[in-house]
Amino acid sequence: MRQFAPVFALLFCVATAQAQEPQLRPPVRKPVDRAAPVTISADRMEGYANQETSASGNVDLRQDDLSIHADRLRYLYATDEVEASGGVRLTRDGDRMDGTGLRLRVHDNIGQFDHADYAFTRPSRGGFAPVTSRGTADVITLEGKDKYHLKNATLTTCKPGNNDWYMQVGELDVDMTRNLGVARRGKLVFKGTPIAYLPWADFPLNDQRKTGFLPPTIGSSGKSGLEVSAPFYINLAPNRDLTIVPRELSKRGLQLAGEFRYLNRGYDGDARIEELSHDRVANINRYAIALQHNQRFSSRLTGALNINKVSDDNYFRDLSSRINVTSQTTLPRDGILIYTGGWWTATARAQRFQTLQDPANPIIPPYDRLPQLTLNATRQYVGGVDFGLNSEFVKFTRGSVPVVATSGANTSDAVGNRLTFYPSVSLPLIRPGAYLTPKLGFHDTSYSLARTPLGTPEAIHRALPIASVDSGLTFERDAEFRGQRFRQTLEPRLYYLYVPYRDQSKIPLFDTGLADFNYAQIFSENIFNGGDRIADANQLTLAATTRMRSPSSGQEVLKATVGQRYYFETQQVTLNDNVTPTRNNKSSDFLAALSGHISSHWTMDSALQYNPQRNFFDRVGLGARFEPEIAKVLNLGYRFTRCSLNQVDVSAQWPLGGGWNGVGRYNYSLRENRLVETLGGFEYNAGCWIGRLVLQRFAASTGSSTTAVFVQLELNGFSRIGSNPLETLKRNIPGYSPANQTRPESQPFDFYE
């Protein structure tokens, strides 16, 4: 459970810094043309031509994008100096300063403002509005283009008349050429109460990366007690950075974490490590390592590494606060090389896994692939014919990891090699509004096995032809829906597949299972994924799709699809030799889906799988989103899979009035009669600061759950203090937007997230 401490007594040596992607570049300000003339207008003017001008009464001096307004002004041509007094205002590039007196060398922007108010505006990104920092200062010294030194100053992003938060400093340097601010002898005040003292602090003036302390996190959890972390960000170079995070857990001890990111023209990556040298609760040393590296050796040869390891099975369940992390059961460790030769691609891969077991729900560890070699090729339009090749060699190993026995020959701890060679040829016949593609292939697989059970040979060979015909038509017409005109299509599709039966009951299951039954799968050549089973088939798939498109932009507004398979023979190939066939009906389940915009504010994405033989639904997914404006969204969902899943899911972000927003999610399992994940909280947008309070609870493993509380204070354009709930809110509430965002981010509507 995370909690926010309202008052910090912590002294910072380095202030906040916002870590962003290495591609970020500071904004470029328009250079002043030194040849631009100086013009002066006023109620009264006197002086000597090209020597000195004195003006009074509504005086305006302009030079390029610089403007000075004052009651009285004196300009010396020889030294390019201005002396102004009485209601002085200086503006340049959207920045403004008001004071009682100004002395300035115009072209060099060197001078001094007395008793000044100021407002500096800088652009932002990611859909957020530009940020204006304002305040007061006894003296503002202008030290060149876009460089200022302020004495006895304040700084805030609140609008004039509102000082809910501000930074009060003895000295403040503002360098807009480097987008850097440096404060000395300062303190951060919120609602009249100091919450941080800043003897010395530097901070970025925009979203660029800057070395320094990131906002601290203070909270607690039921498993770890009070948690305090103070991340320190190091900007090593424009393409490299390092974040070090000490995290004190009152029940468990001190955890140290580090993340190193790097980016270059030929490679990029991210390395993370966490270590809890002695967990006082579990009484063990605990650590986690994750490395992702991508390498581009040449235009044709690329590679990647993905290394993950944790010290124990319960690491994520004890120390993480994200449901998609705590539910991880296998961690991959693999390296891959990919060579692209234009019309062919070769890969070499080595892959192992760490399996995280839950005693209440154990799983069988997957096989390692040491190595896996593939060669795939496609040559199109060779005399009107397309040629294809899929080939693979893979060595499956498992070491001495025990295997949970179930039934049949495929429960053994067999290991071995698999060599697959699958050439094919197809003849695409394409005409406007129609296509017909016959295809013929020959699938050949050889196994060399060891540690096989009694009665299973060590060498197995499987060879069979695969023939298919894919065809479709497209019809169009003008249609009207809800008073608007659209272009509607009707796209029927027929797909015939023939695969003869081959006995495969002695082949171990290395990487094969029953594929998910969906619209894409009913047009595939095999109902199994992996290479250890090829189902016999004599079947026809019939499907149809209709789309509603905007006649002006061509954008798809609504899409509806139906599809079903029809079987002419009973399937004989199964996953195990002593189980019933995968299906013995004359037709498959019926599939239907509807997605798109049903009105200007409503979006839906729904699908169902209906069993006509047994007259029930095997799977239902219903989702709808109502989003009339930014930061105002309602998601409704229902998911059902027979014998495994039955959940309702509702999430929303909704204005409550007076600057308040409510956020929440309710994900409940009707099958297990328990909460899968629930979230609720409030956001308050005060204009220049936002407060967030969010409570989250989710199932971390079988029979256990985790609770977290996030409390955050965001000072717009300056810093965030507390535990950050933004990632949690975006993941739990599709369409969520921070309250201070001016336009929505591009977020796909995915009910099956």
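The values are calculated or read from the model by the stated rules, or taken from the named source; none is laboratory data. Since this is a predicted model, take the numbers as computed values, not measurements. Every residue, glycine as well, gets a Cβ built from its backbone with ideal geometry; the counts of neighbours run over all protein chains shown. When the accessible area is computed, the model is the full protein with side chains, heavy atoms only, and any ligands, DNA or RNA have been set aside. Shrake-Rupley method; radii C 1.70, N 1.55, O 1.52, S 1.80 Å.
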Can you confirm whether region 614-633 contains a residue that is within 19 Å of Ala560 (Cα to Cα), modelled with pLDDT under 95 and touching a Lys or Arg at 6+ places or on another chain (Cβ under 6 Å)? yes
If I go through region 427-455 residue by residue, how many of them are among the small types (Gly, Ala, Ser) and within 14 Å of Asn390 (Cα to Cα)? 1
Criterion (farther than 30 Å from Asp164 by Cβ, hydrophobic (A, V, I, L, M, F, W, C) and part of a strand (DSSP E or B)) met by exactly one of Leu636, Leu695, Leu713: Leu636
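If we only count strands (runs of 3 or more DSSP E) wholly inside region 431-488, which ones have 3 or more residues that are among the aliphatic types (A, V, I, L, M) and modelled with pLDDT of 95 or more?
Working: elements: 434-450, 459-473, 475-481.
Those strands (runs of 3 or more DSSP E) span 434-450, 459-473.
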Suppose the filter is open to solvent by less than 50 Å² (accessible area, probe 1.4 Å) and closer than 22 Å to Gly621 by Cα; does Gly657 pass it? no
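If you go through region 483-490 one residue at a time, do you hit one that is within 21 Å of Pro428 (Cβ to Cβ), in contact (Cβ under 8 Å) with a residue 24 or more places away in the chain and touching a helix residue (DSSP H, G or I) at 6+ places or on another chain (Cβ under 8 Å)?
no
Considering only residues that are of a type in the set (D, E, K, R) and assigned to a strand (DSSP E or B), look in region 158-202 and name the one that is nearest to Gly144 (Cα to Cα). First the steps, then the outcome.
Here is the first cut: in region 158-202, the ones of a type in the set (D, E, K, R) are 159, 164, 171, 173, 175, 178, 184-185, 187, 191, 202.
When the remaining residues are screened for being assigned to a strand (DSSP E or B), the result is 171, 173, 175, 184-185, 187, 202.
Values: Glu171: 17, Asp173: 12, Asp175: 9, Arg184: 21, Arg185: 24, Lys187: 27, Asp202: 20 Å.
Filtering first and then ranking leaves Asp175.
Is it the case, given these coordinates, that Leu608 is more than 18 Å from Val663 (Cβ to Cβ) and of a type in the set (A, V, I, L, M, F, W, C)? Give the derivation first.
Numbers: more than 18 Å from Val663 (Cβ to Cβ): yes; of a type in the set (A, V, I, L, M, F, W, C): yes.
Yes; evaluated as a whole, the condition is true for this residue.
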Quick check: anything in region 338-352 among the aliphatic types (A, V, I, L, M), more than 30 Å from Ala377 (Cβ to Cβ) and in contact with a strand residue (DSSP E or B) (Cβ under 6 Å, 6 or more places away or on another chain)? no
Looking at (1) part of a strand (DSSP E or B); (2) surrounded by 15 or more Cβ atoms within 10 Å (Cβ to Cβ), which one does Lys145 not meet, given that it meets all the others? (1)
In region 660-681, which residues are assigned to a strand (DSSP E or B), without any contact (Cβ under 8 Å) to a residue 24 or more places away in the chain and open to solvent by 70 Å² or more (accessible area, probe 1.4 Å)? Tyr666
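Select, from Ser229, Ser220, Ser250, the only residue that is buried (at least 17 other Cβ atoms within 10 Å of the Cβ) and either modelled with pLDDT of 80 or more or in contact with a Phe, Trp or Tyr (Cβ under 8 Å, 6 or more places away or on another chain) (or both). It would help to see each step written out before you state the result.
On the way: Ser220 fails: either modelled with pLDDT of 80 or more or in contact with a Phe, Trp or Tyr (Cβ under 8 Å, 6 or more places away or on another chain) (or both); Ser250 fails: buried (at least 17 other Cβ atoms within 10 Å of the Cβ).
It is Ser229.
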What single numbered condition from (1) under 30 Å from Asp368 (Cα atoms); (2) surrounded by 15 or more Cβ atoms within 10 Å (Cβ to Cβ); (3) among the hydroxyl-bearing types (Ser, Thr, Tyr) fails to hold for Ser448? (2)
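Only one of these is open to solvent by less than 60 Å² (accessible area, probe 1.4 Å) and more than 38 Å from the chain's Cα centre (by Cα): Leu102, Leu172, Leu155. Name it. Steps first, please.
Working: Leu172 fails: more than 38 Å from the chain's Cα centre (by Cα); Leu155 fails: more than 38 Å from the chain's Cα centre (by Cα).
Only one candidate passes the filter, namely Leu102.
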Criterion (at pLDDT 85 or above and buried (at least 22 other Cβ atoms within 10 Å of the Cβ)) met by exactly one of Arg692, Arg731: Arg692
Matching residues in region 510-526 - criterion: being among the aliphatic types (A, V, I, L, M), over 25 Å from Phe393 (Cα atoms) and within 30 Å of the chain's Cα centre (by Cα): Ala520
